[in-house]
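Colleague: I have a structure I would like to understand better, so I am pasting it below and will then ask my questions one at a time.
The values are calculated or read from the model by the stated rules, or taken from the named source; none is laboratory data. Here the structure is a predicted model, which is why all the values come from computation and not from measurement. FYI the Cβ positions are ideal-geometry reconstructions off the backbone, even for glycines, and counts take in every protein chain you see. Ligands, DNA and RNA are stripped out before the accessible areas are found, and what is left, the full protein with its side chains, is counted by its heavy atoms. Shrake-Rupley method; radii C 1.70, N 1.55, O 1.52, S 1.80 Å.
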Amino acid sequence: MIGAQWGDEGKGKITDLLSKSADVVVRYQGGVNAGHTVVVDGQTFKLHLIPSGILYPDTECVIGSGTVIDPGSLIQELDTLERLNVSTEKLYISETAHVTMPYHRLIDQASEEKRGSKKIGTTKRGIGPTYADKSERTGIRVVDLMDYDALREQLEWTIQYKNGILEKLYGLDPLDPKAVLDEYIQYAERLRPHVIDSSLHVYKAIQQRQNVLFEGAQGTLLDLDHGTYPYVTSSNPVAGGACIGAGIGPTVVDRVIGVAKAYTTRVGEGPFPTELHCDVGSLLCERGAEFGTTTGRQRRCGWFDAVIGRYAVRINGLDCLAITKLDVLDDVDEIKVCVAYDLDGETRKELPGSARQFARCQPVYETLPGWNTSTSDCRSLDDLPKQALDYLKFLAELMKVPIAIVSLGASRDQTIIVEDPIHGPKRALLQEGNSQKSPSRVG
Ligand code: GDP
Ligand code: IMO
Ligand code: MG
């Protein structure tokens, strides 16, 4: 299950819904930059690194190898859940995930400041620097954290090197290696019982024919390779990222479900063609309570962008969509949907690769009538006002995938299950008009 836009699509809510029939839920990328909200019986849970399946006591939750783990934040999250009587006994942490260190957070914050007007607008949680060290092969992994001698040895060299950067490049105070070691040893002891070979664990679950749900964080347009670079995160939220981040082969993935809001939001910097700087934008922000779960920043709001939607269908090989926050459009008189871009006088139906070109893209809109009535109590498609149903049909038509779930509020029951996204017919790639063809089988 992946985010089909720029994150915050309501993945937490949909993961929680799907987790009911999952034996294992796996987070495969990202870190505490994510903020996934689940509302159950009026109680709100904000999850950052722990999979949103954790509220089901029998569901195992795995933090996979492709994630980055800030142990202090993870322990806070564990403590918060335990205080709320949520069992974390079945939470497992990959031994090969990379660990966010204090210098990663400091460098993230300082480099954003140094970039000035060219900043990315990161969550300042040290995500980029942790992944950068992973790529540079200087990272510290959970296995190292669990091994006192390995950690001490690695920190001696690394902190000396990072202190050079902190002091000379950013004018910050150096870190004390002993203090960092002492802090992280304590974290290691608390997390040790949860640490496993996660890829093997997931493999065994799949062999036993258990249902495994891979929960994406962030969204397709924030993907390091396929998003709106450089205004992206440093991991691969797209469906393909599940294979790498969880350590499974692509042949074991049965379905890919995309989550998209009925409009669009974005936090942080970067081009956003359908962004609204008017009263309607403020209305969406207010009605949708569009403030970041992790940083509290106000999210930028705009109309649904079907160019991005089609792109997400293609990049992720989506079988179906969950459309969330339809209720937020209840009071809007006219609803616009971006069906193409105008780039320097030329109509474009695909996302340009260049950020500069993307910044010049003007949305080409089609306008649909609003419904001006509350949908939050609708529980079937038949309950929806005709205009709302027409809107959903229009989106499905534009993106050429069926809508399996419609969400009309934050709580579990404010949902219309149009079709079981897990057991319903698999057909997205076979739909008429979709250029992707399913390969013919031999043998
Ligand atoms: P995520 O990062 O994709 O999990 O999304 P967030 O949790 O960051 O943001 C989505 C917000 O919208 C949360 O506050 C949810 O409780 C809320 N939400 C989810 N679905 C709906 C919905 O259908 N309607 C409304 N009004 N709120 C929703
Ligand atoms: P969930 O999982 C929305 C954005 C940041 C910034 C960019 C890079 O809740 O959907 P980073 O700290 O990752 O280096 O920041 O990515 N971003 C998110 N935006 N939802 C998220 O997560 C995000 N995680 C990162 O705002 O623009
Ligand atoms: Mg979020």
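Colleague: What is the sum of charges, Lys and Arg at +1 and Asp and Glu at -1, for the other residues whose Cβ falls under 12 Å from the Cβ of VAL339?
Modeller: Working: positive: ARG310, LYS336, ARG348, LYS349; negative: ASP305, ASP342, GLU366, GLU397.
Net local charge, VAL339 excluded: 0.
Colleague: Taking K and R as +1 and D and E as -1, what net charge do the other residues with C-beta under 9 Å from the C-beta of ASN236 add up to? List each step's numbers first, then the result.
Modeller: Values: positive: none; negative: ASP223, ASP225.
With Lys, Arg at +1 and Asp, Glu at -1, the net is -2.
Colleague: Under a GNM of the chain (C-alpha, springs under 10 Å), which listed residue has the highest mean-square fluctuation: THR123, THR251, THR44?
Modeller: Most flexible of the set in this elastic network: THR251.
Colleague: One-quarter of the Cα convex hull surface for the stretch 244-389, in nm²?
Modeller: On the way: hull surface 44.1 nm².
With every direction weighted equally, the projected area is 11.0 nm².
Colleague: Using the alpha carbons of the stretch 60-100, what is the convex hull volume per residue in cubic angstrom, as a whole number?
Modeller: Values: hull volume 2.3 nm³, N = 41.
Spelled out: Cα convex hull of the stretch 60-100, divided by residues, is 57 Å³.
Colleague: How large is the convex hull of the C-alpha atoms of the stretch 73-183 per residue, in Å³? Could you put the intermediate results ahead of the total?
Modeller: Working: hull volume 14.3 nm³, N = 111.
Measuring per residue, one finds 128 Å³ for the Cα hull of the stretch 73-183.
Colleague: Gaussian network model of the chain, Cα springs within a sub-10 Å range: biggest mean-square fluctuation belongs to which of GLU397, GLU275, GLU215?
Modeller: Its mean-square fluctuation being the largest, the pick is GLU397.
Colleague: Springs between alpha-carbon pairs under 10 angstrom, Gaussian network model over the chain: which of GLY309, GLY116, GLY370 fluctuates most?
Modeller: Among GLY309, GLY116, GLY370, the largest mean-square fluctuation in the Gaussian network model of the chain belongs to GLY116.
Colleague: Moving to a separate point now. May I ask which of LYS46/LYS114; LYS11/LYS90; LYS114/LYS162 have a Cα-Cα span longer than 24 Å here?
Modeller: Working: LYS46/LYS114 31 Å; LYS11/LYS90 21 Å; LYS114/LYS162 17 Å.
As for pairs spanning more than 24 Å Cα to Cα, those are LYS46/LYS114.
Colleague: While we're here: Roughly how many nanometres apart are two label points built 7 Å out from the Cα toward the Cβ at ASP331 and GLN362?
Modeller: 3.1
Colleague: How are the Cα pair distances of the stretch 179-328 distributed, in percent, across 10 Å bins from 0?
Modeller: With 10 Å bins starting at 0, P(r) equals 9, 30, 29, 21, 10, 0.
Colleague: Taking all protein chains as present, what is the carbon and sulfur share of the accessible area of the stretch 64-166, in % to the nearest whole number, probe 1.4 Å?
Modeller: Values: 2130 of 4690 Å².
C and S atoms contribute 45 percent here.
Colleague: Put a dot 7 Å past each Cα toward the Cβ at ILE417 and TYR161; how far apart are the dots in nm?
Modeller: 5.0
Colleague: Whole number in Å², please: accessible area per residue of the chain, 1.4 Å probe, ligands, DNA and RNA not counted. The partial results should precede the final answer.
Modeller: Values: 19720 Å² over 443 residues.
Dividing the accessible area of the chain by its residue count gives 45 Å².
Colleague: List every residue whose amide H lies under 5 Å from the amide H of VAL332, counting only residues 5 or more places away in sequence or on a different chain, with H placed 1.01 Å from N in the peptide plane.
Modeller: Correct list: TRP371, ASN372.
Colleague: In the stretch 15-57, carbon and sulfur make up what percent of the accessible area (probe 1.4 Å)? Walk me through the numbers on the way to the answer.
Modeller: Working: 590 of 1220 Å².
Carbon and sulfur together cover 48 percent of it.
Colleague: Let me ask you something else. Nearest 10 degrees is fine. How inclined is helix 71-83 to the longest principal axis of the chain, computing both from alpha carbons?
Modeller: Rounded to the nearest ten degrees, it is 70.
Colleague: Semi-axes of the equivalent ellipsoid of the chain: what are they in whole Å, largest first, if each equals the square root of 5 times a C-alpha gyration tensor eigenvalue?
Modeller: Details: eigenvalues 261, 132, 86 Å².
Working through the eigenvalues yields semi-axes of 36, 26, 21 Å.
Colleague: Within the accessible area of the stretch 199-238, what % is carbon and sulfur when the probe is 1.4 Å and the other protein chains stay in place? Write out the running numbers ahead of the final one.
Modeller: Numbers: 860 of 1830 Å².
Within the stretch 199-238, the accessible surface is 47 percent carbon and sulfur.
Colleague: With Cβ to Cβ distances under 9 Å as the rule, what net charge do the other residues near TYR170 carry (K, R +1; D, E -1)?
Modeller: My count for the surroundings of TYR170 gives 0.
Colleague: Hey, what angle do you get for helix 127-136 against the long axis of the chain, alpha-carbon based, 0 to 90 degrees rounded to 10?
Modeller: Rounded to the nearest ten degrees, it is 60.
Colleague: Given the peptides 49-56, 398-405, arrange them by the average over their residues of other C-beta atoms within 10 Å, most packed first. Present the calculation step by step, with values, prior to reporting the outcome.
Modeller: Values: 49-56: 25.2, 398-405: 21.5.
Ranked from most to least packed, the peptides come out as 49-56, 398-405.
Colleague: Checking a compactness column here: for the stretch 158-203, what do you get for Rg(Cα) / (2.2 N^0.38 Å), N being the number of residues? Could the numbers behind the result be given before it?
Modeller: On the way: Rg = 16.2 Å, N = 46, 2.2 N^0.38 = 9.4 Å.
So the Cα radius of gyration is 1.72 times the expected 2.2 N^0.38 Å.
Colleague: A further question follows. So if each residue of separation counts as 0.36 nm, and I subtract the Cα-Cα distance between ASP58 and TYR170, what length gain in nm does that give? Walk me through the numbers on the way to the answer.
Modeller: Values: separation 112, 0.36 × 112 = 40.32 nm, distance 4.73 nm.
Full-extension gain reported as 35.6 nm.
Colleague: Now for a different question. Taking R0 as 25 Å, what FRET efficiency do you get between ASN85 and ASP377 from their Cβ-Cβ distance, rounded to the nearest 0.05? Mind showing how you got there, number by number?
Modeller: Numbers: r = 29 Å, r/R0 = 1.18.
Taking R0 as 25 Å, the efficiency between ASN85 and ASP377 is 0.25.
Colleague: In addition: With θ taken as phi - 60° and the coefficients 6.51, -1.76 and 1.60, list the Karplus ³J(HN,Hα) couplings across the stretch 203-215 in order, rounded to whole Hz; mark glycine and proline as x.
Modeller: 4, 5, 4, 5, 4, 7, 6, 7, 7, 10, 10, 9, 9
Colleague: What are the residues whose amide H is under 5 Å from the amide H of VAL195, where those residues sit 5 or more places off or on another chain and H is modelled from the backbone?
Modeller: Counting only residues 5 or more places away or on other chains, the set is ILE93.
Colleague: Assuming R0 = 51 Å, what is the FRET efficiency of ARG192 and HIS277, from their Cβ-Cβ distance, to the nearest 0.05?
Modeller: Calculated transfer efficiency: 0.50.
Colleague: Can you work out ³J(HN,Hα) from phi for every residue in the stretch 7-23, in order, using Karplus 6.51 cos²θ - 1.76 cosθ + 1.60 and θ = phi - 60°, giving whole Hz and x for Gly and Pro?
Modeller: Coupling constants for the stretch 7-23: x, 6, 6, x, 4, x, 4, 5, 4, 4, 4, 6, 5, 4, 10, 10, 8 Hz.
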